[in-house]
1. Give me the extension gain from Ile87 to Ser117: residue separation times 0.36 nm, minus the current Cα-Cα distance, reported in nm with one decimal.
2. If we sort 54-67, 113-126 on the protection proxy, mean other Cβ atoms within 10 Å, highest first, what's the order?
3. So what are the ³J(HN,Hα) numbers for segment 95-104, from phi and the Karplus equation (6.51, -1.76, 1.60; θ = phi - 60°), rounded to whole Hz, Gly and Pro as x?
Amino acid sequence: MRRLIDFYRLQIHVMRTWRPSGGSRVRRLLATLVVSVLSFGGAVWITPGVDLAPGAPIIGSLLLAALVLAVLNVLVRPVFLALFAGISVIAVVIATLGFQVVSFYVLPFFVRDLVVSGVIAALVASFIYAIVNTILTALFSISSDDSYFAILMQQVSARQGDVVRTD
């Protein structure tokens, strides 16, 4: 529990002191949103069992789904980092992937025009989303060097007791 409290204390500190360069925050936000919408659209298009309801506004539904996924990730991702970062990177990855599948499965509760037929469809869609997102992020060169989570993870790593410090 102490580690979780320390992590949130560190997160608040990083939020207060983090100063990204110029308009990078807005550019990054817009680029990430576009990539997320395209990635989610690709997942819906490719994955059997994940569809939009007939007559649904495609762009609006994809945008809403991308925003809901972003909010869920912002709210839950720090918890996973705090709980599992001390265990191993693999634990963080497994927890994050499991959360992503659950997010896709519950997404129709937030986006009424979205249909997810089951856990397998959510699993496949979440992997397709991740793959398309990774490819598009690389193509658009969306760097995480100036991102909040990159700075946060640098701070978490620096505060680990077993970190080897060099010149």
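1. Answer, rounded to one decimal: 7.4 nm.
2. Per-residue mean Cβ counts within 10 Å order the peptides as 113-126, 54-67.
3. 5, 5, 5, x, 5, 4, 5, 4, 4, 5
Each value in this text was obtained by applying a stated rule to the coordinates, not by laboratory testing. What you see is a predicted model, and the numbers here were worked out from it, not measured in a lab. Ideal geometry is used to build each Cβ from the backbone, glycine not excepted, and the neighbour counts take in all protein chains shown.
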